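Asker: Pasting a structure here, questions to come.
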Amino acid sequence: MQARLGPLERVGHPGENGAGWVVGDVARAGGAFLEFRAEGVAHRAAGAPEQLVAWDRFLNLDTLVTSTRWPGSPAPTGHPGPEAAPQDSCLRATLRQPDENWVGRFSHHDRDYPVSEVLLVGELLRQTVEAGHAAWLGNPGWLEHTVARLAPLAPRTNRAARLAVAEVLAG
């Protein structure tokens, strides 16, 4: 089974306590990553308190990430916020109650992300949230199955990625 799609990757082994899915490099010293949990997205950054955003607060969700680490972000520091620089790797969302913009910065892995995977993971997050199923992203089994179906695909355009993700989510 494929254990990653761009910056999204499985940590641990399925069925193992602590296993799950994260966005970003969990091993980077002083870095940051986002953990997809049943209750929501937990942002974990060195030197900052953990921030948890419940799935039902997400109105939308998208990615801002380059395929290569350069000019992608070095290890982000401090508390994430809307002031994240354009070159930072992050997830961005509009949250409800209270309505606010949210940015969850993460450390880019040393490896390059194939452009097709960057397109697919962005569409997966966007379409899942827009369909009202954000909580599915916190289900490790569902995400494993979905990533396994998307990972072999290699769309070259946004439109092709959008259609591929729609097809996988439909069936």
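Asker: Looking at (1) more than 13 Å from residue 8 (Cα to Cα); (2) modelled with pLDDT under 95; (3) in contact with a Phe, Trp or Tyr (Cβ under 6 Å, 6 or more places away or on another chain), which is the one condition that is false for residue 89?
Answerer: In the conditions (1) more than 13 Å from residue 8 (Cα to Cα); (2) modelled with pLDDT under 95; (3) in contact with a Phe, Trp or Tyr (Cβ under 6 Å, 6 or more places away or on another chain), residue 89 misses (1) alone.
Asker: Would you point out the residue of the range 2-54, among those that are at pLDDT below 90 and of a type in the set (S, T, N, Q), that is surrounded by the fewest Cβ atoms within 10 Å (Cβ to Cβ)?
Answerer: The qualifying residue surrounded by the fewest Cβ atoms within 10 Å (Cβ to Cβ) is 17.
Asker: With the requirement that a residue be open to solvent by 20 Å² or more (accessible area, probe 1.4 Å) and either part of a helix (DSSP H, G or I) or more than 19 Å from residue 58 (Cβ to Cβ) (or both), what does the range 139-150 give you?
Answerer: 140, 141, 142, 144, 145, 148, 149
Asker: Kindly indicate which of 105, 149 is among the basic types (Lys, Arg) and more than 28 Å from residue 46 (Cβ to Cβ).
Answerer: That would be 149, the only listed residue that is among the basic types (Lys, Arg) and more than 28 Å from residue 46 (Cβ to Cβ).
Asker: Kindly list, by first and then second residue, each pair from a residue in the range 130-155 that is closer than 12 Å to residue 37 by Cα to a residue that is open to solvent by 70 Å² or more (accessible area, probe 1.4 Å) and of a type in the set (Gly, Ala, Ser), limited to pairs with Cβ atoms under 9 Å and residues at least 6 apart or on different chains.
Answerer: From the range 130-155, the pairs are 135/38; 138/38; 139/38; 140/38.
Yes/no per residue for (1) of a type in the set (Ser, Thr, Tyr); (2) modelled with pLDDT under 95; (3) open to solvent by 10 Å² or more (accessible area, probe 1.4 Å); (4) assigned to a loop (DSSP other than H, G, I, E, B):
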| position | (1), (2), (3), (4) |
| --- | --- |
| 71 | no, yes, yes, yes |
| 75 | no, yes, yes, yes |
| 124 | no, no, no, no |
| 128 | yes, no, no, no |
| 137 | no, no, no, no |
| 160 | no, no, yes, no |
| 167 | no, no, yes, no |
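Asker: Being in a loop (DSSP other than H, G, I, E, B), more than 9 Å from the chain's Cα centre (by Cα) and not basic (Lys, Arg) is the filter here; which residues of the range 19-41 pass it?
Answerer: Matches in the range 19-41: 19, 25, 26, 27, 29, 30, 31, 38, 39.
Asker: Within the range 112-122, track down each residue that is over 30 Å from residue 96 (Cα atoms) and surrounded by 19 or more Cβ atoms within 10 Å (Cβ to Cβ). Spell out the reasoning first.
Answerer: Of the residues in the range 112-122, the ones over 30 Å from residue 96 (Cα atoms) are 112-116.
Hits for the range 112-122 are 113, 116.
The values are calculated or read from the model by the stated rules, or taken from the named source; none is laboratory data. Everything quoted here is computed from the prediction, not taken from an experiment. Reconstructed Cβ throughout: ideal geometry from the backbone, glycine too, with neighbour counts over all protein chains shown. Remember, those area values only see protein heavy atoms, side chains included, never the ligands or the DNA or RNA. Shrake-Rupley method; radii C 1.70, N 1.55, O 1.52, S 1.80 Å.
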